[in-house]
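Worksheet: the structure to be examined is printed underneath.
Just so it is clear, none of the values below were taken in a lab; they were calculated from the coordinates. Please read these numbers as outputs of a predicted model, since none were measured by experiment. Note that we place each Cβ from the backbone using ideal geometry, even for glycine, and neighbour counts take in every protein chain shown.
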Amino acid sequence: MSTRDLFEAVGAVALLLPFALFALLGLAGLSGRRLSERTTTTATQIAVIGGLTSSLAVLAFMLVSGTRSVRVDLGDWFSIPEQHLHFHIKFLFDRLSVPLVILTYFLCGTVGAFASRYLHREDGFARFFFLYAIFLLGMCLSTTAGTIETLFFGWELVGLSSALLVAFFQERRAPAENGLRVWGVYRFADAAFLGAALLLHHLSGAGDFEALAGAGPWPESASTVSTHAATAVGLLLLIAAAGKSALVPFSGWLPRAMEGPTPSSAIFYGALSVHLGAYLLLRCCSLLEASIPLSIAVVVAGLVSAGFGALTTRVQTDIKSSLAFASLTQVGLIVAEIGLGFRYLPLIHIVGHACIRTLQLIRAPSLLHDHHEMENALGGLEGSPERSGVLPEPARERLYALALARGHLDDAIDANLVGPFVRFFHRITELEDRLSRDEPNASDPAPTQKGVEP
C-alpha cells in the first residue's frame, strides 16, 4: 500500500466514525435499550477524537508531501450509459474541506463536552446526542463531498437534525411551531438545491464538482460551463445558500431557532450550520468568476443581510436573539467577500467567527448572572449617557420599529410564498374531493334502462 492509499484510508476513517456513532445511538434507541449518560458521552468522545486525529493526519500528509487534494473514491452508485448519466460517490480532502472538517470536529467536541453536563439527567439526553450524531455526520459529508449528490445528502442530514433540535422541548407549543418554520424554509432552499443538481446533470451528465468547476485544485479551478449556464446554476445555489444561512429574505427563522437547547444553538446557528451556505458558494466559486451578474447578486445578498443583521441585533431583548442576528451580520460579510472574489479570506473569516460565536453562545446562560454580580460588587452602574444620532428623530423611530419587527420578513414570506402555495393545494384538495364524490361507487348496482330488465 502506497503512502497516498494509506492516507486515503485515514480520510475514510474520519467519515466512518461519525456514521458509527450515529448507528450505535440509533440502534440503541430502536432496540429500546437506553444507554447510560456515561456510555453515550464516551462513545461521542471516541468518535470526535478519532475523527479529529484522522483529519489532522490528512492535513499533515498534505503539508509534508505538497499534495493539494486527497480523494476517497467509492465508485458509481448507478449509471445510465445511454444517457451519459452517472451518480458518483466521492469525497475530497483539499484546502477548503480539511480546515472545515477539523473545525467541525473541534467545535462539536467542545459542544459535546458542554452538553454532557448542561443536559445532565434531562429526559432528552439520549435524543439530543442522537441528533448531535446526525448533525456531525451531515457536516462531515457536506464539507468533504466531491459530488453535488453527496453534498445534498449531508445537507439534508444537517437540516433534519437542525429542525428537530429547534423543536427539542416538545412539551411546549412555541418550539414545535418554530421547528416547523425552520423546516419549511429549509424545504424551499432544498428545492433550489435540487434544481441546481438537475441542471448540472443536464449540462455535464454528472454531479462531480470537477464537471462544474473544471479540473484543478481549489480555488484555482476555472468553470467549464457557459456564462448563461453558470448564472442559472449559481442563482439556484444562491437561493439554497440564502435559506440555509438565513440571508435576507429568509432571516426570520434564525431567532426562532434559539428555542432549542443552548448547545445546539451554539453549534448550529453560531458556528457550523449557519456557515454551510457560505461554504456552498466557496465550493462553487468558479461559477462566480464565470458570471459577473452572479457575483453582483452574491455581493448584494451579503451586504443587505449584513446591514439587516447589524440593525436588528441592536433592538433585541434577549441575548440569544441578539447573538443570532450578530451572526447574520458576519455571515453576510462572508458572503459579500466571496462575491468580491476573495477565497482564503472568507475561509479564515468562517473559522474565526465560528469559534468566537460558539464561545459567546455557550457563555450566554451565565453571562447575565455574572453581570448582576458585577453590578452588586460595584454598588450599581450609572445609566448610559444619551447619544445623539446622525439621522433625524423620525427616521430613527421608523428604523427602530422596522428592526423591532425584524423587517416583517416572516409576514412577507407568509403572504407572498406560503399563502399562495397553501391556497393552491387547498384548491387541489377540493377538486379531488369533488371528483371523488362524482365518481360512481363500485358497490352500487348498475343503472338500468327504462323497460329493460337488469
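For the range 279-284, 3J(HN,Hα) computed residue by residue from phi via the Karplus equation (6.51, -1.76, 1.60; θ = phi - 60°) reads 4, 4, 5, 5, 5, 9 Hz, glycine and proline entered as x.
Packing around the peptides 2-8, 349-355, 333-339, taken as the average count of other Cβ atoms within 10 Å per residue, puts them in this order, highest first: 333-339, 349-355, 2-8. Taken as Cα centroids, the range 88-106 and the range 34-74 sit 10 Å apart, rounded to the nearest whole angstrom.
Shape analysis of the range 63-179 places it in the oblate category; the axes a ≥ b ≥ c from the Cα gyration tensor give an a/c of at least 1.5, with a/b not above b/c.
Here the dipole of the chain is about 700 debye; that uses its Cα centre as origin and unit charges on the Cβ of Lys and Arg (positive) and Asp and Glu (negative). Matching the structure-derived Rg and Dmax of the Cα atoms in Å against the labelled list (1) 25.3, 105; (2) 22.3, 73; (3) 21.7, 68 gives the label (1).
Here the range 171-325 is assigned +1 on the Cβ of each Lys and Arg and -1 on the Cβ of each Asp and Glu. Its dipole about the Cα centre then comes out at about 500 debye. Just check the range 188-316 against the gyration tensor rule for me: Cα atoms, a ≥ b ≥ c as the square roots of the eigenvalues, rounded for a/c under 1.5, and otherwise prolate or oblate depending on whether a/b exceeds b/c. Prolate. From least to most packed, judged by other beta carbons within 10 angstrom and beginning with the fewest, VAL10, VAL58 follow the order VAL10, VAL58. Between ALA377 and ILE89, the simple spin-label model (points 7 angstrom out along Cα→Cβ) gives 5.6 nm. Sorting SER69, SER366, SER273 by the number of Cβ atoms found within 10 Å of their own Cβ, with the fewest placed first, yields SER366, SER69, SER273. Can you bin the range 1-126 into rounded, prolate or oblate? Criterion: square roots of the alpha carbon gyration tensor eigenvalues sorted a ≥ b ≥ c, rounded for a/c under 1.5, prolate for a/b above b/c, oblate for the rest. The shape class here is oblate. Each residue of the range 417-426 was assigned a 3J(HN,Hα) from its phi angle through the Karplus expression (A = 6.51, B = -1.76, C = 1.60, θ = phi - 60°), giving 10, 6, x, x, 4, 5, 5, 4, 6, 5 Hz with x at Gly and Pro.
Counting each DSSP H run of 4 or more residues in the chain as -39500 (n - 2.57), what helix-only mean residue ellipticity at 222 nm follows after dividing by all residues, to the nearest 500 deg cm²/dmol? Result for the chain: -23000 deg cm²/dmol, rounded to the nearest 500. Long-range amide H contacts for ALA145: which residues qualify at under 5 Å (H placed 1.01 Å from N, peptide plane, sequence gap of 5 or more or a different chain)? The answer is LEU92. Extension gain, THR39 to ASP73, is 8.9 nm, computed as 0.36 nm per intervening residue step minus the present C-alpha separation.
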